[in-house]
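Peer 1: If you scroll down you'll find the structure; I have some questions about it.
The values are calculated or read from the model by the stated rules, or taken from the named source; none is laboratory data. This is a predicted model, so every value here is computed, not measured. Because the Cβ atoms are built from the backbone with ideal geometry, glycine has one as well, and the counts that use them run over all protein chains shown.
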Amino acid sequence: MWVKHRTDPCRTLPNMPSQFDSEPFTTLALPQLFRTSSVLHKFSFGFQAIPALEFAFKNERITLAVVGAVINPPMVPKGSICKELKVYPAECRGRRSTYRGKLTADISWSVNGIPKGIIKQSLGYVPIMVKSKLCNLHSLPPRALIEHHEEEEELGGYFIVNGIEKVIRMLIMPRRNFPIAMIRPKWKSRGPGYTQYGISMHCVRDEHSAINMNLHYLENGTVMLNFIFQKELFFLPLGFALKALVGFSDYQIFQELIKGREDNSFYKNCISQMLRMVMEEGCATQKQVLNYIGKCFRVKLNLPEWYPNEQAAEFLLDQCICIHLKTKTEKFYLLCLMTRKLFAFAKEECMEENPDSLMNQEVLTPGQLYLMFLKERMEAWLLSVKVALDKRSQKTNITINSENMMKLFSMGIDVTRPFEYLLATGNLRSKTGLGMLQDSGLCVVADKLNFIRYLSHFRCVHRGAAFAKMRTTTVRKLLPESWGFLCPVHTPDGEPCGLMNHITTVCEIVTQSAYTLSLPPLLCSLGVTPVDGTPSQPYAECYPVTLDGSLVGLHEHCSNFIPFSDHNQSPRNMYQCQMGKQTMGFPLLTYQDRSDNKLYRLQTPQSPLVRPSMYDYYDMDNYPVGTNAIVAVISYTGYDMEDAMIVSKASWERGFAHGSVYKTESIDLAEKIKQVDDSLVFGVKPGDPRVIQNLDADGLPHIGSILQYGDPYYSYLNLSTGESFITYYKSKESCIVDNIKVCSNDSGNGKFKSVCITMRIPRNPTIGDKFASRHGQKGILSRLWPVEDMPFTESGMVPDILFNPHGFPSRMTIGMLIESMAGKSAALHGLCHDATPFTFSEENSALEYFGKMLKAAGYNYYGTERMYSGISGVELEADIFIGVVYYQRLRHMVSDKFQVRTTGARDKVTNQPIGGRNVQGGIRFGEMERDALLAHGTSFLLHDRLFNCSDRSVAHVCVKCGSLLSPLLEKPPPSWSTTRNRKYYCTVCNQSDTIDTVSVPYVFRYFVAELAAMNIKVKLDVN
């Protein structure tokens, strides 16, 4: 019953199309890769949706419009010195630059409506997603990927900004174009008469522009329509909106609204009241209503002065109300439907819909956010051209011709910086807010700590930052309808619990919208009456059918890597999902080509003997995360209490869980000097005695050399002055220089000024390092026990790890016990076992299956063996459970955590020791520690900690007036005088015999001085 023989002959040849090419990995990064096909295809009509900019200039009307745009693949700029024109991702990682392509647009300009031509203009650079259609790695076979210094199984789906791999988060949004009935108590505070009932709709156009719109029910039975325009909230009574959309008479509107409620007199009165409000404002016709709305909203819309009020109102209806629908009639019928639903909801004839249910949600994919942001930046560019024109015309007299237009276009604000800012910080700087509920935390770093963690970035969906601050827990609950879509186990514990979920392996995010034009005729043929027709039955017995645009589907895998997870207590599986992402593993095969700030590497990884089917589906053997260890469950010595574990010293000496950390430092000499001076380069002064042993002639360390604290690290020269500077290695931990990359600049003519030095720090397990099995059983290495004192079995085998039996009863991780037996039988029979959950049941038990296999190999059915004490050699009375368990080494190491200080830096203001591990600071002796010493009655110890060891200082005080500030030192005596010692005297009392010295905290003297600055006198009573 093995999953796959590890000796399968055709597994490692890179040229063969590996199984990766076809299926699993690509689907993993699919939602991210969606940007590629879809954005380019949507981009074509995305820029058509950018409204033309019209403005007046010297009595002429000028119109600027984007009529075409194209993004080029990443290329070297023109005029650069290079062998290869294409830029590849590996180079951008090494040079800490951004992987980006040029955006070129065709701008048409016209004066007074007469077209004057089209100008091609570069709008800057936009980041390109790796492996997308525009990426230079697109559709390359595995061997070619290796030649370009990539992984053979490169997934793509991320951006490279300043050398760091960034992923745009997938966010959960309300389901598009669907009226959701909601109760929100805070809506009552929106104005007098507002209630908690409302119908909310997230309207999204085909090219992904979005806006949020609500209908509110008021206590007097009227309805308010509210929408957000450029981050401001606007309210419009429903009657005005309906009359502005269609030229129907009031009676026709009334008839449409009361469909299905012809007998409800309260409802009829409410509608009459709403229509009466419009009449009272003197608006009888559609034109008058448009004029009225335009007049009211015009201030906020920034439209040209020559637009009449009606046109301003049309703009408002087009941009803010049901924007996903093309015609006003459709908008009218939808608003009527929403109104009928709102009244039914307010009168409790229909249920509240759950906004936390997957049925009412969709996923905002990176491509949609990218496209919306790009469109908004292009609009902003058009506006910046107008601003540039206004500025120029104030200084000089400017005529509008194509030459001047080209000059103006080059003064526009390009899209490069805003895009890099969005991806580097995850903060959205947007005028409209893009219909999103949050403007920060949109991007995360795709850190390659290990492969499982890297994958989970691409499968994570976040509920949104707004929900993290909410005091309720309803948002975080696991609902039954998310079965099969969201992993029930893989969510962090603590603050983001239930908000940050991961989609299952079989779940996909639908990104292509379905073709729906043929549906309305089909529906009519199936018995649906069109909106403007009259059905054969009364309206109350008819159901409304809405079909209004995009159909949306939804889209983990960490918990798939837990063997026998169905035998474990649920929280343990959740812990393992988090710990699996903190494991030191083997995250990539291209260590030589990477320049990540920090990479971990396990030197002796192994393939697990017991593994779920998903392990092979994702081909995890290429990126293993642990070691098979012989584990005996025994309480031996006292060094294994409370989750500590004993490791055999012999196993450690043979390389058990050995690892190293790769750290890369990027050194750019251009940043060392403030002027634009180009004279700094790496190098050494010939015959410099300080560096003769350590550095090469180029001023850099030898590859493979060991750097200790205080060794010369690199040296550089100032060519104009001939000075040489040496930088020394600052870290207390010694390291080996792994490799050095010399980097140039964007145009390829950089001098020898920028290098990346990668250092390898050996980190073999020490006491205090953290380990874990795959069942959430974490433990700390407490002793490396000499092998001669370890217990041994009859065959002479010594376990690698001693695990305390008290770790099982309360945690109920039976999966680990089964794994131990399965691993033991796998090792004896030479195969790998399938540990997919739910393969065993009550009838077909795992214990029986593996027990029989152990028995067949000549071992005890229950996996226990007789053991002998390593200290006395006496046989132990109890049978000891021993087997093979896959152990992971976690990245939390003592070397990164320990903090120690004797004396050191102090704060400039308070003179107290500073805190923080990086600056050799102390650990704060806080309020609670003080309470503990008070409770013990050790007052002298308290005095020592908080005074002598902190900021004790000797101050002069005047006993008479009690002032700390008035005692000053006398002026120095003239040179001929014989008195040498200067006295302190009080400037208030003008006496020197009233001065005494006291020991006070230095911060108290500072406090007294601050109070004096506020005119508050502090008087000390000195006895």
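Peer 1: Select the strands (runs of 3 or more DSSP E) contained entirely in region 1-118, then report the ones holding at least 3 residues which are at pLDDT 90 or above and over 30 Å from LEU303 (Cβ atoms).
Peer 2: On the way: elements: 53-57, 60-71, 100-111.
Passing ranges, in order: 100-111.
Peer 1: Being assigned to a helix (DSSP H, G or I) and buried (at least 17 other Cβ atoms within 10 Å of the Cβ) is the filter here; which residues of region 618-671 pass it?
Peer 2: The first filter runs over region 618-671 and keeps only residues assigned to a helix (DSSP H, G or I), leaving 620-622, 649-653, 669-671.
The answer is MET620, ASP621, ASN622, LYS649, SER651, TRP652, LEU669.
Peer 1: If you don't mind, another one. If you check LYS852 against the conditions, is it surrounded by fewer than 19 Cβ atoms within 10 Å (Cβ to Cβ) and basic (Lys, Arg)?
Peer 2: Criteria met by LYS852.
Peer 1: For the subset of region 226-237 comprising residues that are buried (at least 16 other Cβ atoms within 10 Å of the Cβ) and within 35 Å of the chain's Cα centre (by Cα), which member is farthest from GLU348 (Cα to Cα)?
Peer 2: Of region 226-237, the ones buried (at least 16 other Cβ atoms within 10 Å of the Cβ) are 226-229, 236-237.
After this cut, where a residue has to be within 35 Å of the chain's Cα centre (by Cα) as well, the list is 226-229.
Working: ASN226: 22, PHE227: 25, ILE228: 28, PHE229: 31 Å.
That would be PHE229.
Peer 1: Pick from LYS1017, LYS960, LYS971: which is assigned to a loop (DSSP other than H, G, I, E, B) and in contact with a helix residue (DSSP H, G or I) (Cβ under 9 Å, 6 or more places away or on another chain)? Let's see the steps before the verdict.
Peer 2: On the way: LYS960 fails: in contact with a helix residue (DSSP H, G or I) (Cβ under 9 Å, 6 or more places away or on another chain); LYS971 fails: in contact with a helix residue (DSSP H, G or I) (Cβ under 9 Å, 6 or more places away or on another chain).
Residue meeting the stated conditions: LYS1017.
Peer 1: With respect to THR604, is the statement that it is β-branched (Val, Ile, Thr), at pLDDT 85 or above and surrounded by fewer than 16 Cβ atoms within 10 Å (Cβ to Cβ) true?
Peer 2: Values: β-branched (Val, Ile, Thr): yes; at pLDDT 85 or above: yes; surrounded by fewer than 16 Cβ atoms within 10 Å (Cβ to Cβ): yes.
Here the answer is yes, as THR604 does meet what is asked.
Peer 1: Do we find a residue being of a type in the set (A, V, I, L, M, F, W, C), surrounded by 14 or more Cβ atoms within 10 Å (Cβ to Cβ) and touching a Ser or Thr at 6+ places or on another chain (Cβ under 8 Å) anywhere in region 903-918? Step through it out loud before you land on a result.
Peer 2: As a first pass, look at region 903-918 and keep what is of a type in the set (A, V, I, L, M, F, W, C): 905, 909, 914.
So of that shortlist, the ones also surrounded by 14 or more Cβ atoms within 10 Å (Cβ to Cβ) come out as 914.
Still in the running and touching a Ser or Thr at 6+ places or on another chain (Cβ under 8 Å): none.
For region 903-918, residues of a type in the set (A, V, I, L, M, F, W, C), surrounded by 14 or more Cβ atoms within 10 Å (Cβ to Cβ) and touching a Ser or Thr at 6+ places or on another chain (Cβ under 8 Å): absent.
Peer 1: A follow-up question, please. Answer with yes or no whether GLY433 is at positive phi, touching a Lys or Arg at 6+ places or on another chain (Cβ under 7 Å) and of a type outside the set (D, E, K, R).
Peer 2: On the way: at positive phi: yes; touching a Lys or Arg at 6+ places or on another chain (Cβ under 7 Å): yes; of a type outside the set (D, E, K, R): yes.
In short, yes.
Peer 1: On to the next question. If we scan region 563-574, do we find a residue that is among the aromatic types (Phe, Trp, Tyr), within 29 Å of the chain's Cα centre (by Cα) and at pLDDT 75 or above?
Peer 2: No, there is no match, as no residue in region 563-574 is among the aromatic types (Phe, Trp, Tyr), within 29 Å of the chain's Cα centre (by Cα) and at pLDDT 75 or above.
Peer 1: While we're on this one: Just to be sure, is GLY776 of a type outside the set (Asp, Glu), at positive phi and in the same structural domain as ALA670 (by TED's automatic domain parsing)? Can you show your working first?
Peer 2: Working: of a type outside the set (Asp, Glu): yes; at positive phi: yes; in the same structural domain as ALA670 (by TED's automatic domain parsing): no.
Spelling it out, it is not the case that GLY776 is of a type outside the set (Asp, Glu), at positive phi and in the same structural domain as ALA670 (by TED's automatic domain parsing).
Peer 1: Take the conditions within 23 Å of PRO179 (Cα to Cα), modelled with pLDDT of 90 or more, crowded, with 19+ Cβ neighbours inside 10 Å and not hydroxyl-bearing (Ser, Thr, Tyr) and apply them to LEU257. Does it pass?
Peer 2: Spelling it out, it is not the case that LEU257 is within 23 Å of PRO179 (Cα to Cα), modelled with pLDDT of 90 or more, crowded, with 19+ Cβ neighbours inside 10 Å and not hydroxyl-bearing (Ser, Thr, Tyr).
Peer 1: For LEU137, work out the one condition from (1) within 30 Å of LYS341 (Cβ to Cβ); (2) of a type in the set (A, V, I, L, M, F, W, C); (3) assigned to a loop (DSSP other than H, G, I, E, B) it doesn't fulfil.
Peer 2: (1)
Peer 1: Hey, can you tell me all the residues within region 754-789 that are among the basic types (Lys, Arg) and closer than 20 Å to ARG594 by Cα? Break it down into steps so the answer makes sense when it comes.
Peer 2: Kept after step one, since they are among the basic types (Lys, Arg), are these residues of region 754-789: 760, 763, 770, 774, 778, 783.
Selection gives ARG760, ARG763.
Peer 1: Let me ask something else. Is it true that some residue in region 238-246 is under 14 Å from THR339 (Cα atoms), of a type outside the set (Asp, Glu) and in contact with a strand residue (DSSP E or B) (Cβ under 8 Å, 6 or more places away or on another chain)?
Peer 2: There is at least one residue in region 238-246 that is under 14 Å from THR339 (Cα atoms), of a type outside the set (Asp, Glu) and in contact with a strand residue (DSSP E or B) (Cβ under 8 Å, 6 or more places away or on another chain).
Peer 1: Can you tell me which condition ARG261 does not meet? The list is (1) among the basic types (Lys, Arg); (2) assigned to a helix (DSSP H, G or I); (3) farther than 29 Å from GLU54 by Cβ, and all the others hold.
Peer 2: (2)
Peer 1: Restricting to region 741-760, name every residue that is crowded, with 17+ Cβ neighbours inside 10 Å and among the β-branched types (Val, Ile, Thr).
Peer 2: Answer for region 741-760, where residues must be crowded, with 17+ Cβ neighbours inside 10 Å and among the β-branched types (Val, Ile, Thr): VAL755, ILE757, THR758.
Peer 1: Quick check on this structure: which one of ILE128, ILE107, ILE114, ILE118 is at negative phi and in contact with a Ser or Thr (Cβ under 7 Å, 6 or more places away or on another chain)? Spell out how you get there, then give the answer.
Peer 2: Numbers: ILE128 fails: in contact with a Ser or Thr (Cβ under 7 Å, 6 or more places away or on another chain); ILE107 fails: in contact with a Ser or Thr (Cβ under 7 Å, 6 or more places away or on another chain); ILE114 fails: in contact with a Ser or Thr (Cβ under 7 Å, 6 or more places away or on another chain).
Criteria check complete, one pass: ILE118.
Peer 1: Test SER666 against the criterion of being of a type in the set (Ser, Thr, Tyr), assigned by TED's automatic domain parsing to the domain that holds ALA772 and farther than 30 Å from CYS497 by Cβ, and give yes or no. Outline the logic, then answer.
Peer 2: On the way: of a type in the set (Ser, Thr, Tyr): yes; assigned by TED's automatic domain parsing to the domain that holds ALA772: no; farther than 30 Å from CYS497 by Cβ: yes.
For SER666, the condition - of a type in the set (Ser, Thr, Tyr), assigned by TED's automatic domain parsing to the domain that holds ALA772 and farther than 30 Å from CYS497 by Cβ - is not met.
Peer 1: When you check GLY851 against the structure, is it out of contact with any strand residue (DSSP E or B) (no Cβ under 9 Å at 6 or more places or on another chain), of a type outside the set (Asp, Glu) and part of a helix (DSSP H, G or I), yes or no? Can you show your working first?
Peer 2: Details: out of contact with any strand residue (DSSP E or B) (no Cβ under 9 Å at 6 or more places or on another chain): yes; of a type outside the set (Asp, Glu): yes; part of a helix (DSSP H, G or I): yes.
So GLY851 passes the test.
Peer 1: Considering only region 381-488, give the helices (runs of 4 or more DSSP H) lying wholly within it that have at least 2 residues that are surrounded by fewer than 21 Cβ atoms within 10 Å (Cβ to Cβ) and among the hydrophobic types (A, V, I, L, M, F, W, C). Give the derivation first.
Peer 2: Details: elements: 402-410, 416-425, 451-458, 465-468.
Because the criterion is at least 2 residues that are surrounded by fewer than 21 Cβ atoms within 10 Å (Cβ to Cβ) and among the hydrophobic types (A, V, I, L, M, F, W, C), the helices (runs of 4 or more DSSP H) in region 381-488 that meet it are 402-410, 465-468.
Peer 1: Determine which member of the set VAL444, VAL415, VAL385, VAL461 is closer than 13 Å to ARG169 by Cβ, touching a helix residue (DSSP H, G or I) at 6+ places or on another chain (Cβ under 8 Å), modelled with pLDDT of 90 or more and not aromatic (Phe, Trp, Tyr).
Peer 2: On the way: VAL415 fails: closer than 13 Å to ARG169 by Cβ; VAL385 fails: closer than 13 Å to ARG169 by Cβ; VAL461 fails: touching a helix residue (DSSP H, G or I) at 6+ places or on another chain (Cβ under 8 Å).
Checking each option against the conditions leaves just VAL444.
Peer 1: Restricting to region 175-214, name every residue that is more than 20 Å from VAL545 (Cα to Cα) and in a strand (DSSP E or B).
Peer 2: MET182, ILE183, TYR194, THR195, GLN196, TYR197, GLY198, ALA210, ILE211, ASN212, MET213, ASN214
Peer 1: Somewhere in region 1000-1020, is a residue surrounded by 10 or more Cβ atoms within 10 Å (Cβ to Cβ) and at pLDDT below 90?
Peer 2: no
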